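Just so you know, all these numbers are worked out from the coordinates, no wet-lab data involved. Being a predicted model, the structure only gives us computed values, none of them experimental. Note: ideal-geometry Cβ built from the backbone for every residue, glycine included; neighbour counts use all protein chains shown.
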Amino acid sequence: MHGEYSRVDSSPFKLPYLSSSSIPVKKVGINRPHSGGVGQRPSDAWSHDDERAESGYAFMLSEEGREMEDVVIVGAGIAGLATAVALKRVGVEALVLEKSDGLRTSGAGLNLFPNAWFALDALGISHKLTSLYAPCKRGYITNIDTGKTEEVSFTKMGRTEVSQELRGVHRHVLLESLAEELPKDAFRFSSRISSIVTQPQGSSSIVVLHMEDGTKIKTKALIGCDGVHSVVARWLGLSAPVSSGRWAARGLATFPEGHRFNYEFQQFITADKRAGFVPLNDKELYWFLFCKSTSCKGKDMRGNTELIQREVIESLAGDLPQVFSIIVQHSDLSTLSWAPVVFRFPWDMVFRNVSQGNITVAGDAMHPMIPYLGQNECLALEDAVVLGQQFGDLIIREKGVLTREVAGALRRYAQQRRWRAAGVMTCSYLSSIEGSGWLRKFLRDMVFNRLLLRRYINNVIHFDCGKLPCISSNMTELENERNTYHQVPISIEEMEVRTNI
Ligand SMILES: Cc1cc2nc3c(=O)[nH]c(=O)nc-3n(C[C@H](O)[C@H](O)[C@H](O)COP(=O)(O)OP(=O)(O)OC[C@H]3O[C@@H](n4cnc5c(N)ncnc54)[C@H](O)[C@@H]3O)c2cc1C
């Protein structure tokens, strides 16, 4: 949905550049004491004789002497980092490949709804962010054409008070908070895949990644977190994302003396655009504006931040409340972006492969959506936790990541996520319908606004993806009961709604 972000990333968080060949040490599972290195035998603590026999791979090394990763994650965005953190917490070290030469910390802000905070709690990093960002307990959605304003509570699910709220956060702070949880050698930057090949191994298979620099990486599991133009999604046969005909402008506004807005989410809707803002702290606000490309006179403003600001103020925000233009006027130009909005149709989640063998996708690679509901990043965090739960289950049952067990774990992950993703993608699509034709009006006003909006609020943004299993370092004890990492209890009525959307 975001296409290629045009701003040059000015990452203050650049991990040391590691070329594929400069990493001498193989990681096969966290807490696994081993000297590693090509040709060296890792500790037996996590070895599985049966798998070795099945694979014919002495000590998990390939016949070419290359290392075998337990899990490779493609993409160090929010989905990739959150997945690596989730796996680390259940005792699996993943290798994260990122095509850029550092974390892509550019971008402005993200709206993290309650479902994202449940996931961040499970990942053990929510405390880092809640101390920085104040909660928004409610939001206001104003239809500029009708003049109607609707209040949305983020702290109530039906009549029940819930513990999580919406908070706007800086995108770079979330990325860095996740990256801090991972060892530096978990990353390989400037690493781009050129092809993905599966190689039979006994009754199962392994994945061989051919990198653009000519090297190969073998892994038992591959998780594509490589964003909207995912090569892993393409390999799985998911359809290419389609253009929504809309563009997204985003930025951070800074008021050095304080902005004095309440901690509330504000959104404005017109026939052909949607805009809004949310305070991040006392001095900064995150703003966004989505509009049809025709209303931008076909200008390609990518990379030209002064033009983005001018066009938003002088043209695009012309029919919005003046406060929006004032906020955009206070933008830190370095944070402005302008990107095309692309999405995938929800039926792909239902009818196509979200996982195949030991390969799957997460985040925007799986469910690129029109971002009107602000759920892209929230679902990415949920995906990460569910992957962690599935791998945690493997560790508990098998005491390690066994090639022959990975496909089952990824299949269960895909089963859990496909309906959830399809439901949110559908809501997202319906909410974005614009225009005044009867069918459009019927779908938007009757189906989405009347039937789904309340359910959406209750069941999409308040969804709790559950906890990660706690695994002790010697992996013999399970500190949490397995069933504690499943969903919070829900009523039969809610259960129906959850399965439906
Ligand atoms: C630079 C950037 C800025 C953004 N800014 C905002 C914002 O301000 N507000 C907002 O709401 N959303 C923003 N987004 C989108 C938002 O981060 C995502 O929609 C959401 O968080 C889901 O994240 P993701 O990890 O699935 O995808 P992404 O955030 O897109 O991350 C995908 C990662 O995979 C890497 N990658 C892609 N292809 C390959 C490959 N072949 N090999 C290796 N690595 C690869 C990319 O470089 C990127 O780091 C931004 C995305 C990016 C990439």
Under 19 Å by backbone N from the virtual spin label 7 Å along Cα-to-Cβ at Asn281, the residues of segment 335-365 are 335-336
Restricting to Cα pairs under 8 Å and 6 or more apart, the percent relative contact order of segment 243-367 works out to 33 percent
Computed for segment 135-209: size of charge dipole around the Cα centre, +1 on C-beta of each Lys and Arg, -1 on C-beta of each Asp and Glu, debye to nearest 20, value 80 debye
Under the rule rounded for a/c under 1.5, else prolate if a/b exceeds b/c, else oblate, using alpha carbon gyration tensor axes a ≥ b ≥ c, segment 128-222 is classed as prolate
Within the under-12-Å Cβ sphere about Ile73, not counting Ile73, Lys/Arg +1 and Asp/Glu -1 give a net charge of -4
Nearest-0.05 FRET efficiency for Thr198 and Phe255 at R0 = 51 Å, using Cβ-Cβ distance, is 0.45
On the formula 1/(1 + (r/R0)^6), with r taken between the Cβ atoms of Glu151 and Arg352 and R0 of 60 Å, the FRET efficiency rounded to 0.05 is 0.95
Within the under-14-Å Cβ sphere about Ala233, not counting Ala233, Lys/Arg +1 and Asp/Glu -1 give a net charge of +1
Assertion target for Cys470, Cys427, Cys465, ordered by fewest C-beta neighbours within 10 angstrom first, is Cys470, Cys427, Cys465
Residues Asp226, Asp348 in order from fewest to most other beta-carbon atoms within 10 Å are Asp348, Asp226
Once Arg310 and Asp332 are pulled to full extension, the length gained, defined as 0.36 nm per residue separation minus their Cα-Cα distance, is 6.6 nm
Label model pair Ile144, Val323: point-to-point distance (7 angstrom along the Cα→beta-carbon line) in nm is 1.5 nm
Listing His127, His229, His172 by rising number of other beta-carbon atoms within 10 angstrom, fewest first, gives His127, His229, His172
log10 I(q)/I(0) for segment 392-432, Debye formula on C-alpha points only (no solvent), q = 0.27, 0.28, 0.33 Å⁻¹, two decimals, reads -0.85, -0.88, -1.01
